[in-house]
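Chemist: Please read through the structure below; I'll follow up with questions.
The numbers here are math on the coordinates, done by the rules we state, and not lab data. No experiment lies behind these values; they were computed from the predicted model shown. For neighbour counting, all protein chains shown are included, and Cβ atoms are generated from backbone atoms with ideal geometry for every residue, glycine included.
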Ligand code: NAD
Ligand code: IPM
Ligand code: MN
C-alpha cells in the first residue's frame, strides 16, 4: 500500500444504517477509487455479535484511520439492554474517545426540494444554515448521571449539565472560524448566533460570557448575536434564512438540528461532521437515526449518508474537488426529479443511489 493511502472506516450500524451506507460506499468507490475502505460492526449489531456495542478493536482502528463514516445505531431490539451496552452509548463513547467536540450540521435546502419543506417555500428557498453543536460535554456526559431510589419510595432521575470555559471556547472558536469562511448573505444574524438558556441556567451564563469574551479577544470581525435557545427554536421556523452559523451546546444543538432538518425537506437529507483538533480523525454521520419503522424495506433516503461522505472529502481527506462532485451530483439528481418517499417520490434507496451515481 502506498505510504500516502487514506483510509475511511465505514460503520454501517443498525436499521437503515447499512442501507444508506452501502450507497455512500458506491459513491466513494466512484469518486475516490484510491481510497482504502474498511467496514466494521458497531452498535446493536456489534452487541449481538460480541456482547459489546463498541469493541476495543474497532475503537483502536477508529483512532488510526483518516475518517469514520457511520450509518446509524439503535433500535427497539436493544432498548432493554443496560444503558452502558446500548448502541447509543457506543456512539457517545466514540465521540468522547475521539474528542470530536465540534459537530457541523449544515441545513441546506436544495432548490428542487424547496416545496417539500413543512414550511412555506419562500421561507426556505436558498436556506443555508450551519449548526455547530458541542458534542463531547454538557448534559450528555455530566456526572452524576443516575436513577436513585428515595427513602419515600419514589425514584429520582438525575442528569448533570456541565461545561468548562475551555470546552465552550474551543467549540465557539470553530464556529467563528467557520463563519469567517462563509459568505454571509446580508442576514440579520450574519455571523454566529449563539444559543443557550442563560436566563435559567448557570452553564448558560458561562456559555454566553465565554463566547462574548472570545469574540472580543479574537473574532471581533465576525458578527456575534445571542439568543435564548427556546426563542431560537421559534426563529428557526419563523425566519430561518436570518441565520448563518448557529452555535449551541450538546442538547440544544441536538434538538435544534432535528428541527432544522425539517426545513430542508426531510431528516434524510441532513449530513454531519464531528471534528476535533487537527490530526484527529473526523466522525461523519447522517443526522437521522436507524429509522426502525422503515428499516429493511429499501425506503430510506441515502442523501444524508452520501452528503456525509461529501463532508468526509472536504473536512478530513482534503479532497474538495471530490466533495464538490458529490454535492453537484446530489443536486443534479434532485433537479432531475429523483426522490425517495420521504421527499415525495417513489424511488428505493438503491434507485436513489443509482440516480446520484449517474450524475457523477
Ligand atoms: P429516526 O431519525 O431514526 O427516525 C425519525 C423519523 O424519520 C422516522 O419516521 C424515520 O422513518 C424517518 N427517517 C429517518 N431517517 C430517514 C431516511 N434516511 N430516509 C427516510 N426517512 C427517514 O429517529 P428515531 O425514530 O427517534 O430513532 C430511532 C433509533 O435511532 C433510536 O434507537 C435512536 O436512539 C437512534 N438514533 C440514532 C442516531 C444515530 O445513530 N446518529 C441518531 C438519532 C437516533
Ligand atoms: C444524534 C442522535 C444521538 C444524539 C443519539 C442517538 C445518541 O440523536 O446524533 O443526533 O443525541 O446525539
Ligand atoms: Mn439527534
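Chemist: Return the calculated 222 nm mean residue ellipticity for the chain, to the nearest 500 deg cm²/dmol, obtained by summing -39500 (n - 2.57) across DSSP H runs with n ≥ 4 and dividing by the residue count. Working shown, then result.
Modeler: Details: 12 runs with 139 residues, N = 360.
Result for the chain, helices only: -12000 deg cm²/dmol.
Chemist: Please arrange 350, 133, 95 by counting, for each residue, the other beta carbons lying within 10 Å of its beta carbon, fewest first. Spell out each step's value before the answer.
Modeler: Working: 350 14, 133 27, 95 21.
The fewest-first ordering by Cβ neighbours comes to 350, 95, 133.
Chemist: According to the Cα gyration tensor, what semi-axes, each the square root of 5 times an eigenvalue, does the equivalent ellipsoid of the range 38-197 have, listed from largest to smallest in whole Å?
Modeler: Values: eigenvalues 219, 101, 72 Å².
Semi-axes (√(5λ), whole Å): 33, 22, 19.
Chemist: How high is the relative contact order of the range 102-269, given as a whole-number percent (alpha carbon pairs under 8 Å, six or more residues apart)? Don't jump to the answer; show the numbers that get you there.
Modeler: On the way: 309 pairs, mean separation 57.2, N = 168.
Once divided by the residue count of the range 102-269, the mean separation gives 34 percent.
Chemist: Percent relative contact order of the chain, based on C-alpha pairs within less than 8 angstrom and at least six residues apart? Please list the in-between numbers first.
Modeler: Values: 777 pairs, mean separation 80.8, N = 360.
Once divided by the residue count of the chain, the mean separation gives 22 percent.
Chemist: Take the alpha carbon gyration tensor of the range 149-238, find the square roots of its eigenvalues, order them as a ≥ b ≥ c, and report rounded if a/c is under 1.5; if not, report prolate when a/b exceeds b/c, else oblate. The partial results should precede the final answer.
Modeler: Working: a/c = 3.20, a/b = 1.93, b/c = 1.66.
It comes out prolate by the Cα gyration axes.
Chemist: Something else about it: Please give the length that would be gained between residue 180 and residue 162 if that part of the chain were fully extended, namely 0.36 nm times their separation in residues minus their C-alpha to C-alpha distance (nm, one decimal). If you can, show how the numbers build up before the last one.
Modeler: On the way: separation 18, 0.36 × 18 = 6.48 nm, distance 2.83 nm.
Fully extending the segment from residue 180 to residue 162 adds 3.7 nm.
Chemist: If you don't mind, another one. P(r) tail for the range 242-360, what percent of Cα pairs lie past 26 Å? Mind showing how you got there, number by number?
Modeler: On the way: 1568 of 7021 pairs.
Value for the range 242-360: 22 percent of Cα pairs lie more than 26 Å apart.
Chemist: Please list the three semi-axes, largest first and in whole Å, of the ellipsoid equivalent to the range 80-130, using sqrt of 5 times the eigenvalues of its alpha carbon gyration tensor.
Modeler: Details: eigenvalues 252, 47, 9 Å².
Largest first, the range 80-130 gives 36, 15, 7 Å.
Chemist: Taking all pairs of different Cα atoms in the range 282-345, averaging 1/r and flipping that mean, what Kirkwood radius in angstroms comes out?
Modeler: Details: mean 1/r = 0.0779 Å⁻¹.
About 12.8 Å, per the Kirkwood formula over Cα pairs.
Chemist: Quick one: if you take sqrt(5λ) for each eigenvalue of the C-alpha gyration tensor of the range 102-269, what semi-axes come out, biggest first, whole angstrom?
Modeler: Numbers: eigenvalues 176, 91, 30 Å².
Computed over the range 102-269, the values are 30, 21, 12 Å.
Chemist: Then there is this: Given 20 °C and 1.002 mPa s, compute D for the chain with the Stokes-Einstein relation, Rh being the Kirkwood radius over Cα pairs; round to the nearest whole µm²/s. Let's see the in-between values first.
Modeler: Working: Rh = 20.9 Å.
Translational D for this selection: 103 µm²/s.
Chemist: Could you work out how far the C-alpha centroid of the range 1-59 sits from that of the range 137-158, in angstrom?
Modeler: Rounded to whole Å, the Cα centres lie 35 Å apart.
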